[in-house]
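Visitor: For reference, the structure I am asking about is given below.
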Amino acid sequence: MERLVVQSPAKLNLYLRVVGRLPGGYHRLITLFHRISLVDRLVLSKHARGFRLRTSHPSLETGESNIVTRAYRLLEKKYPGLPGVDVFLDKRIPLQAGLGGGSSNAAFFLLGMKRLLGLPLGLRELARMGDTLGSDVGFFLHEVNQAVGEGRGEKIRPLPFRGERWFVVALAEQGLSTPAVYREVRLPRRGASLTTHRRVARIAFERLAEKNVIACTEGLYNDLEGPAIRLRPEIQKTMALMFQLGAPAVAMSGSGPTVFAMWDYRKEAQTFAKKLRGFVAPARIRVCHTC
Ligand code: C5P
């Protein structure tokens, strides 16, 4: 095989609770990741030596700081003499959006390289690389449509969603810095125990497994909404607008600023998207489903 095309989907966090702090400035989370059909595309072409990354995105850094370049460097370190690869990244997932685009790109690049070069990489080894690259990479490496994340978000327990949800996703004009949002988080001095947080989360996940989105509304939750809204008040306005226009289940994804409304059926999502496009720039609205 000389060339491989890989889809790299985005995620939404249907539930995200910050339950404490971890060493190294990170926060301990309990989150529910859900993969959606908003996808980037990676084209990997094998060649003799070296690594080259090109992208359709005008302002995406393609040098050593890019997460895909960093993923290649990890592989190179593990496999000295690794063949070279040219990567073209067709970017549809916005940057700094709370949608895990970069993490997904890194994960599907590693999975693609494993296939393209026949590398003997197991999930455990891939997950170790994922941890070095970023907190959300592990979820995408599991290749499951939904999973619970704990720790920084990197400890993954698959919780496959059997069925298909529909989402109307409202993208923001400008990204939001994840570290900046986490810096705004205020934790209670004496919070609930991890066991209590897990019990509360389990109830939320049961709600979120219900077919009817009305039953799911109580399950949707994101502790980063408040901190993100303090930095970007428009998030609250967009969420309020979605509720006013009749969406029963609305939340922000990850550290924002992307917000979404959840629906059971394609038709409902499409009708809602049409309404929303009367108030928000149509280019910012996407109708997606579980993927
Ligand atoms: O792991 P990742 O590179 O995605 O994290 C970006 C930043 O977000 C971290 O440097 C940290 O400031 C913040 N973060 C956090 N707790 C997490 C995940 C991310 O504080 N669980």
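What follows is calculated from the coordinates using simple rules that are stated; it is not laboratory data. Because the structure is predicted, anything quoted here is derived from the model rather than measured. Ideal geometry is used to build each Cβ from the backbone, glycine not excepted, and the neighbour counts take in all protein chains shown.
Visitor: Label segment 134-192 by shape, choosing from rounded, prolate and oblate, from the square roots a ≥ b ≥ c of the eigenvalues of the Cα gyration tensor; if a/c is under 1.5 it is rounded, and otherwise prolate applies when a/b is larger than b/c, oblate when it is not.
Guide: Taking the square roots of the gyration eigenvalues as a ≥ b ≥ c, segment 134-192 is oblate.
Visitor: Only four residue types carry charge here, +1 at the Cβ of Lys and Arg and -1 at the Cβ of Asp and Glu. Report the dipole size of the chain about the Cα centre in Debye, rounded to the nearest 20. Kindly include the intermediate steps, with their values, before the conclusion.
Guide: On the way: 45 positive and 24 negative charges, 58 e Å.
That gives a dipole near 280 debye.
Visitor: Show the residues, 5+ positions off or on another chain, whose built amide H is closer than 5 Å to the amide H of GLY151.
Guide: LEU29
Visitor: Using only Cα atoms, what Kirkwood radius does segment 203-291 have, in angstroms?
Guide: Computed over segment 203-291, the radius equals 13.6 Å.
Visitor: If you average the C-alpha positions of segment 126-175 and of segment 1-50 separately, how far apart do those two centres end up, in angstrom?
Guide: Result: 6 Å between the Cα centres.
Visitor: Here is a follow-up. Using a simple spin-label model with points 7 Å from Cα along the Cα→Cβ vector, what separation in nm is obtained for ARG52 and ARG207?
Guide: Output for this residue pair reads 5.2 nm.
Visitor: Could I ask something else about it? Using the beta-carbon distance between ARG199 and ARG277 and R0 = 41 Å, what value does 1/(1 + (r/R0)^6) give for FRET efficiency, to the nearest 0.05?
Guide: 0.50
Visitor: Would you mind counting up the charge near TRP263? Only other residues with Cβ under 15 Å from its Cβ, with Lys and Arg at +1 and Asp and Glu at -1.
Guide: In short, +3.
Visitor: In addition: Mind checking the dipole of segment 1-97: about its Cα centre, +1 per Lys or Arg Cβ, -1 per Asp or Glu Cβ, Debye to the nearest 20?
Guide: About 280 debye.
Visitor: Tell me, what ³J(HN,Hα) does each residue in segment 231-236 have, in order and in whole Hz, if you take phi through Karplus 6.51 cos²θ - 1.76 cosθ + 1.60 with θ = phi - 60° and put x for Gly and Pro?
Guide: Residue by residue, segment 231-236 yields 7, 9, x, 4, 4, 5 Hz.
Visitor: Roughly how large, in nm² to one decimal, is the mean projection of the convex hull of the alpha-carbon atoms in the chain?
Guide: Averaging across all directions leaves 15.2 nm² for the Cα convex hull.
Visitor: While we're here: Please give the net charge around LYS78, taking every other residue with its beta carbon less than 15 angstrom from that of LYS78, where Lys and Arg add +1 and Asp and Glu add -1.
Guide: Charge balance near LYS78 sits at +3.
Visitor: What percent does the relative contact order of the chain come to when contacts are Cα pairs within less than 8 Å and at least six residues apart?
Guide: RCO, the chain: 23 percent.
Visitor: Please return the longest stretch of the chain lacking exposed loop sites, where GluC sites (Glu not before Pro) count only if DSSP places them in a loop and at most 15 other Cβ atoms lie within 10 Å.
Guide: Value returned for the longest uninterrupted segment is 65-142.
Visitor: Here is a further query. Step through the residues of segment 195-203 one at a time and calculate ³J(HN,Hα) from phi using the Karplus curve (6.51 cos²θ - 1.76 cosθ + 1.60, θ = phi - 60°), rounding each to whole Hz and writing x for Gly and Pro.
Guide: Listing the rounded values in order: 4, 5, 4, 5, 5, 4, 5, 4, 5 Hz.
Visitor: Each residue of segment 184-189 in order: what ³J(HN,Hα) in whole Hz does its phi give by Karplus 6.51 cos²θ - 1.76 cosθ + 1.60, θ = phi - 60°, with x for Gly and Pro?
Guide: Calculated HN-Hα couplings, in order: 7, 6, 10, 9, x, 4 Hz.
Visitor: So if we plug the beta-carbon distance of ASP90 and THR132 into 1/(1 + (r/R0)^6) with R0 = 22 Å, what FRET efficiency do we get, rounded to 0.05? Present the calculation step by step, with values, prior to reporting the outcome.
Guide: Details: r = 25 Å, r/R0 = 1.15.
It comes out at approximately 0.30.
Visitor: At what distance in nm do the modelled label points of ALA180 and LYS78 sit from each other, each positioned 7 Å from its Cα along Cα→Cβ?
Guide: The answer from the label model is 3.4 nm.
Visitor: Give me the number: length gained by fully extending SER65 to GLU143, i.e. 0.36 nm times residue separation minus the C-alpha to C-alpha distance, one decimal in nm.
Guide: Difference between extended and current length: 25.6 nm.
Visitor: Further, regarding this structure: List the residues, sorted by chain then number, that are 5 or more residues from TYR15 or on another chain and whose placed amide H is less than 5 Å from its amide H.
Guide: Amide H to amide H, under 5 Å and 5 or more residues apart or across chains, TYR15 pairs with LEU32, TYR221.
Visitor: Multiply the residue separation of VAL5 and ARG266 by 0.36 nm, subtract the distance between their alpha-carbon atoms, and state the gained length in nm to one decimal.
Guide: My answer for the length gained is 91.2 nm.
Visitor: Treating only the Cβ of Lys, Arg, Asp and Glu as charged (+1, +1, -1, -1), what charge dipole size does segment 51-180 show about its Cα centre? Round to the nearest 20 debye.
Guide: Working: 17 positive and 13 negative charges, 68 e Å.
So the dipole magnitude of segment 51-180 works out to roughly 320 debye.
Visitor: Please enumerate, by chain and number, the lysines with C-alpha under 16 Å from the C-alpha of LYS114, excluding those fewer than 8 residues away in the same chain.
Guide: LYS46, LYS77, LYS78
Visitor: First select every other residue whose beta carbon is under 11 angstrom from the beta carbon of PRO227; then total the charges, Lys and Arg +1, Asp and Glu -1.
Guide: On the way: positive: ARG183, ARG186, ARG230, ARG232; negative: GLU184, ASP223, GLU225.
Overall, the nearby charge balance is +1.
Visitor: If you look at just the Cα atoms of segment 11-102, how large are its Rg and its Dmax in Å?
Guide: In Å, with Rg to one decimal and Dmax whole: 16.3, 47.
Visitor: How do ARG92, ARG286, ARG157 line up, fewest other C-beta atoms within 10 Å first?
Guide: ARG157, ARG92, ARG286
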